[in-house]
Amino acid sequence: MTSTSSSTPEPATTAAIRPKIGLLSAIIFVISSVVGTGVFKKVVPMSAELGSPTLVLAAWFIAGLVSLAGTLSNAEVASMLASEGGEYVYFRVIYNRFFAFLFGWTNFAVIRTASIASIAYVFAQSVNSLVALPVTPVSWSEVNVLGLHPLDNFSVKLLAIVLVWGQTAFNIRGLKTGEAISRFLTAIMIAVMLGFIVFGLFSSAGSVVNLQPVDTGLSGKSLISAMALACLSAFWPYEGWNTVGYIGGEIEKPSKNLPWALTIGTLSIMGLYLLMNLIYLYIMPVQDLAALKQSPNSIAAVSVAGIMGGKTGSLLISCLLLVTTFNCCSITILMASRLFYAMSKDGQFFSRVNYMHPTFQTPSRSLVLQAAWTTLMVLSGSFDTLTDMLIFAAFIFYGATTVGVFVLRRRMPDADRPYRVIGYPVVPALFIAFCAYLVINTLINRPEEALVGLGLMATGIPFYFYWNRKKPA
């Protein structure tokens with residue numbers, strides 16, 4: 001990138017994003033970016049792992065506390081360094097440009113784009129379960145490109161791609177457009193979830209007997225191991241709370257509103273998740289929920305709704321899945337694109353991405369590039385595998401942000417901190433310990449996946465040296 005004189009105003013196409021959203025909208029973005037499909041499905045593997053309703057609820061509670069600890073720690077750093085790009089900006093200040101680049105590249109190469117692809121694909125599958133899409137010809141399914149089958153289940157993939165590009169177009173038209181859609185869909189989502197909870201509590205199909213503790217024979221190390229695996233299942237539905245930091249530069253009074261949005265949003269999600277899972281276990285015995293694991297296409301929430309309200313109940317929850325996946329996909333598209341724009345603005349990404357639409361004041365080229373790469377991810381059909389391999393990498397970065405709390409307290413003790421993490425140093429230390437456990441456990445027990453994940457992270461290194469070849473050390 002060519003530097004310009006400080007006296008020369010920046011052209012409209014590369015102007016900084018202007019703050020446009022308040023606290024309520026930021027809270028909605030947190031909720032929208034987190035609540036996807038996990039809360040409707042993860043109770044099944046957790047029930048199979050633990051075998052007791054009380055332990056399942058405890059796992060959801062523990063996972064929520066861990067997420068909250070990470071949120072509170074993230075909030076302190078965000079209150080000091082709020083800017084478009086989120087952790088990319090934080091890491092550049094706390095560590096160095098290379099670590100910040102690795103974070104951004106990993107999100108572009110796999111984490112965020114694979115998440116968008118996966119959410120869009122689940123949306124298309126949900127539509128297909130309600131209205132059958134055309135069956136892919138066998139000859140198409142057998143097309144092989146580098147070991148992949150891009151045309152397999154093509155009608156579902158095509159709908160997922162249409163969703164990605166349609167929502168990209170909406171988000172190009174402005175933050176307010178995306179915010180309005182999210183506000184409307186989030187209101188519907190929360191209303192239906194609360195209705196499900198209230199209806200479930202008074203349903204004659206439920207029984208308090210289903211909530212009583214079950215002697216599973218787990219104790220000591222076996223209990224800790226089973227609980228850890230169940231918590232990891234529960235953590236996926238909480239994933240994504242940090243992405244609101246990517247639009248930190250677009251939030252009004254970010255040093256004040258961003259920490260509150262993270263905290264209030266995470267607490268709200270935690271409450272909803274616990275209540276939803278309480279209803280699942282109240283309506284269906286834990287053994288029946290565990291048995292659903294044998295049916296890969298089954299969804300716990302749909303099965304429970306069917307018991308409560310027959311076909312109407314199942315249809316209602318299926319429609320709710322459409323709303324949540326549509327909404328979560330839109331918000332992830334909106335926020336992740338800001339990260340890649342911030343990287344390009346810093347000279348750490350493709351230079352043409354450093355562009356603001358002159359009319360809508362959105363990073364339109366970043367959105368388009370993101371959609372193009374996500375399209376390839378959808379066609380590859382390998383996004384779930386890639387996300388599984390990189391999930392431990394996400395925890396490396398989560399832990400690194402929390403380590404930043406200690407680094408900044410030591411390096412900048414007198415700096416203004418509009419928000420200080422509650423329970424310092426215990427709360428951030430516990431979250432770092434959890435992240436370290438997850439990363440080490442993955443390296444020991446799943447070394448192949450971990451090494452492939454690290455390899456995918458490393459694919460960005462040649463780009464880093466290319467983009468930094470003319471910069472002083």
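The values are calculated or read from the model by the stated rules, or taken from the named source; none is laboratory data. If you're wondering where the values come from, they're calculated on a predicted model, not measured in any experiment. Methodologically, a virtual Cβ is constructed for each residue, glycine included, from the backbone with ideal geometry; neighbour enumeration extends over all protein chains shown. Heads up: the accessible areas ignore ligands, DNA and RNA and are worked out on the full protein's heavy atoms, side chains in. Shrake-Rupley method; radii C 1.70, N 1.55, O 1.52, S 1.80 Å.
The residues E449, E142, sorted by heavy-atom accessible surface at 1.4 Å with ligands and nucleic acids left out, run E142, E449 from largest to smallest. Using the Karplus relation 6.51 cos²θ - 1.76 cosθ + 1.60 with θ = phi - 60°, the per-residue 3J(HN,Hα) values for segment 450-456 come to 5, 5, 5, x, 5, x, 5 Hz, with x marking Gly and Pro. Projecting the Cα atoms of S351, A433, F326 onto the charge dipole of segment 324-445, computed from C-beta unit charges around the Cα centre, puts S351 farthest toward the positive end.
One Cα centroid belongs to segment 304-340, the other to segment 392-459; the line between them spans 30 Å. Using θ = phi - 60° in the Karplus curve 6.51 cos²θ - 1.76 cosθ + 1.60, the 3J(HN,Hα) couplings for segment 434-442 round to 5, 4, 4, 4, 5, 5, 5, 4, 5 Hz; x is entered for Gly and Pro. The distance from the alpha carbon centre of segment 149-172 to that of segment 185-257 is 28 Å, rounded to a whole number.
Listed cross-link partners K221/K293; K41/K253; K42/K345 are compared with a 28 Å cut-off, the Cα-Cα value being larger for K41/K253; K42/K345.
In a reduced charge model with +1 at each Lys and Arg Cβ and -1 at each Asp and Glu Cβ, the chain shows a dipole moment near 1140 debye about its Cα centre.
Expressed as cubic angstrom per residue, what is the convex hull volume of the alpha carbon set of the chain? Walk me through the numbers on the way to the answer.
Details: hull volume 73.3 nm³, N = 473.
Enclosed volume per residue, from the Cα hull, is 155 Å³.
Starting from the Kirkwood radius over alpha-carbon pairs of segment 342-470, derive D by Stokes-Einstein at 10 °C in a medium of 1.306 mPa s and give it in µm² s⁻¹. Translational diffusion coefficient: 88 µm²/s. One quarter of the surface of the convex hull around the alpha-carbon atoms of segment 87-175 equals 8.3 nm², the direction-averaged projected area. Averaging the Cα positions of each part gives two centres, and for segment 101-142 and segment 79-99 these lie 30 Å apart.
Of V209, L262, L451, which is farthest along the charge dipole of the chain in the positive direction, counting Lys and Arg as +1 and Asp and Glu as -1 at C-beta? The Cα lying farthest towards the positive end belongs to L262. Projecting the Cα atoms of I116, I94, T106 onto the dipole axis of segment 66-187, where Lys and Arg carry +1 and Asp and Glu carry -1 at the beta carbon, places I94 farthest toward the positive end. Residues whose amide H falls under 5 Å from that of T362, counting only those 5 or more places apart or on a different chain, are H357, with hydrogens built in the peptide plane.
Which order do you get for W165, W467, W60 if you rank them by accessible area with a 1.4 Å probe, largest at the top?
W165, W467, W60
Per DSSP H run of at least 4 residues, take -39500 (n - 2.57); add these up for the chain, divide by its residues and hand me the 222 nm value, nearest 500 deg cm²/dmol.
-23000 deg cm²/dmol, from helical runs alone.
The coefficient of translational diffusion for segment 401-473, derived via Stokes-Einstein from the alpha carbon Kirkwood radius under 37 °C and 0.692 mPa s, stands at 210 µm²/s. Axis angle, to the nearest 10 degrees, between helix 364-380 and the longest C-alpha principal axis of the chain: 40 degrees.
Each Cα pair under 8 Å and six or more residues apart adds its separation to the average, and for segment 43-137 the resulting relative contact order is 10 percent. Scoring 191-199, 64-72 by mean Cβ neighbours within 10 Å over their residues and listing the highest first yields 64-72, 191-199.
The average projected area of segment 111-262, computed from the convex hull of its Cα atoms over all directions, is 15.9 nm². About the centre of its Cα atoms, segment 294-448 shows a dipole size close to 380 debye [charges on the beta carbon of Lys, Arg (+1) and Asp, Glu (-1) only; nearest 20 debye].
Scaled against the 2.2 N^0.38 Å expected of a compact globular protein of N residues, the Cα radius of gyration of segment 90-134 reads 1.83. Derived scalar couplings between HN and Hα for segment 105-113 equal 5, 4, 5, 6, 5, 9, 4, 6, 5 Hz in order, rounded to whole Hz, by the Karplus curve 6.51 cos²θ - 1.76 cosθ + 1.60 (θ = phi - 60°), x for Gly and Pro.
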